[in-house]
Amino acid sequence: MTTYTPNTVLAPELPAKLTAATGDRANKPRLRDVGGIRLAENLDSLSRDEIEATQQHNLRATLAAARQSANVWRRFPGLEAVGMVDDFAALPLFSGEDLAAGCPPHSDELLFDTQSPGLVLRSSGTASRPKILYHSWDFTNRVGHLGVRGVRAALETPPSRVANCLFAGDLNGAFLFVQDITRSLPAFSFAMGEYTSPAEAAAIIEDHGIDTLAASPAYGTELLARGLDGRPLPLRNFLFIGESLGAERERLVRAAAPDVTVRSLAYSTSETGPLGYQCSHQTGAVHHLHEDVVVVEVIDEAGRPVPPGTPGELVVTPLTTSGMALFRYRLGDRGQLLTGACGCGSAARSILLLGRMPNSMTVDTITFSSDHLMAALAHLGVSRPTDCQFQVLWEDHRYLVRLLLSPATPDGITTDVVRAALADAHEIHEVIVNQRCSGFEVQQTGIDQFARSKRGKVPVLYQRGISG
């Protein structure tokens with residue numbers, strides 16, 4: 001068996017104008033090699049044929065590396081039949097539970113090379129066992145490159161001073177992601193983290209002339225809405241990451257800072273690295289895909305790919321020769337591939353993110369999903385998950401249930417009205433009439449009052465102080 005090396009030719013030759021020996025108008029290479037994976041310097045400058053050729057090269061490189069890894073080849077036996085992207089549909093889906101079972105420290109079955117060093121992260125997902133990600137340094141370098149590429153596409157003028165207000169620690173990668181991007185741009189990084197109070201962060205932003213804020217949607221909205229002593233902050237850009245901004249947060253940001261450019265920093269996960277980016281023509285939940293280094297499929301309930309324009313579940317295959325192997329990984333997100341061309345002229349496909357797949361909560365042996373909640377609230381005019389939070393607050397052996405609604409929801413939704421609406425949502429109704437439930441109340445309040453996770457996300461279902 002031939003030993004794999006990053007320089008091995010694994011695909012038909014790319015078009016001559018794409019090789020590293022031939023540059024663009026600025027006489028710079030249009031592709032760079034990172035561990036055998038070819039990355040476009042500017043994906044938007046490539047034609048559709050060039051994007052697909054680069055993706056196919058990287059797929060061949062990934063398959064060759066998998067074949068050389070006894071662990072990976074054994075874990076994904078169906079890879080032997082894969083030669084093209086379309087062949088992925090024959091592979092089984094890979095779930096978060098599969099990843100949790102196959103990652104270190106209890107298993108190394110997903111590692112291309114058990115001896116290679118790199119960056120270790122932990123996903124903030126909800127699997128029963130944590131998902132520990134062993135990313136190689138080559139993969140980590142590629143993550144930074146995609147981040148920089150995305151920021152340059154999103155903003156007409158690159159940032160020069162960045163306030164990094166993302167959560168740092170707990171094996172979380174977002175803070176480091178922004179640090180890598182800022183260093184590579186290059187720009188000044190003000191490494192504040194999310195535990196810096198909004199008032200202190202606002203003062204630092206004004207004192208140092210910071211032009212760009214990188215933060216979770218919740219923290220960034222709170223900071224911009226407060227401003228500094230009633231004055232808007234001197235920011236040009238707000239780059240958010242971690243979850244959707246949501247209509248109510250966007251309204252607050254636009255009202256407080258109408259001149260600030262608001263963009264997604266990246267559509268990214270700890271498991272896969274960046275999957276998508278926004279150009280200057282995209283807002284909200286629409287992103288271009290990093291198609292040179294990831295394969296994104298939209299599937300139906302049976303796991304079959306659906307045509308562009310059809311909503312479905314997202315599954316992803318990062319193309320890599322090192323770190324951890326993930327084939328057809330279920331992200332837990334919903335979306336649809338868009339059919340029209342983007343106004344920026346890029347040939348990279350775009351995707352509309354449609355929110356998370358249903359997530360569940362168990363309260364005193366009763367399990368229900370966010371879909372159950374949203375279906376009941378839809379009758380009351382509450383349709384967006386970002387406009388509500390269902391809280392279960394334990395104290396000793398009893399709990400209080402509180403439903404928070406944002407100001408964007410209709411007026412007149414009282415506790416009694418919601419109680420009646422939940423009567424047909426059997427499991428949720430059981431939670432609020434359970435003998436351990438000390439009370440149920442509905443409050444319409446600002447979204448800054450919604451509870452956040454340690455990493456700054458705002459879940460639809462929130463449980464605190466779970467009693468034994």
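The values are calculated or read from the model by the stated rules, or taken from the named source; none is laboratory data. Keep in mind it's a predicted model, so treat the numbers as computed, not measured. Quick reminder, even Gly has a Cβ in these numbers, built from the backbone with ideal geometry, and neighbours come from all protein chains shown. Just so you know, the surface numbers come from the protein's heavy atoms only, side chains and all, with ligands and any DNA or RNA stripped out. Shrake-Rupley method; radii C 1.70, N 1.55, O 1.52, S 1.80 Å.
Before moving on, here are some points about what is shown:
- Measure of compaction for segment 55-144 (Cα Rg per 2.2 N^0.38 Å): 1.13
- Cα gyration tensor shape for segment 248-376, rounded if a/c is under 1.5, else prolate or oblate: oblate
- Set against the labelled values [x] 24.2, 87; [y] 23.0, 72; [z] 51.1, 161, Rg and Dmax of the Cα atoms in Å computed from this structure falls on [y].
- Relative contact order computed over the chain (Cα-Cα under 8 Å; 6+ residues apart), in percent: 13 percent
- Taking all protein chains as they are arranged and a probe of 1.4 Å, the heavy atoms of LEU93 leave approximately 50 Å² accessible to solvent.
- Ligands, DNA and RNA aside, ARG231 has an accessible area near 110 Å² when probed at 1.4 Å.
- 12 Å beta-carbon shell around GLU222, net charge (K/R +1, D/E -1): +1
- When the residues VAL306, VAL120 are ordered by accessible surface, computed with a 1.4 Å probe over the protein chains alone, the sequence from largest down reads VAL120, VAL306.
- Helix content alone sets the calculated 222 nm mean residue ellipticity of the chain: runs of n ≥ 4 DSSP H residues at -39500 (n - 2.57) each, divided across all residues, give -7500 deg cm²/dmol.
- Environment charge of GLY147, counting only residues whose C-beta is closer than 11 Å and scoring Lys/Arg +1, Asp/Glu -1: +3
- The 1.4 Å probe gives accessible areas that order TYR462, TYR267, largest first, as TYR462, TYR267.
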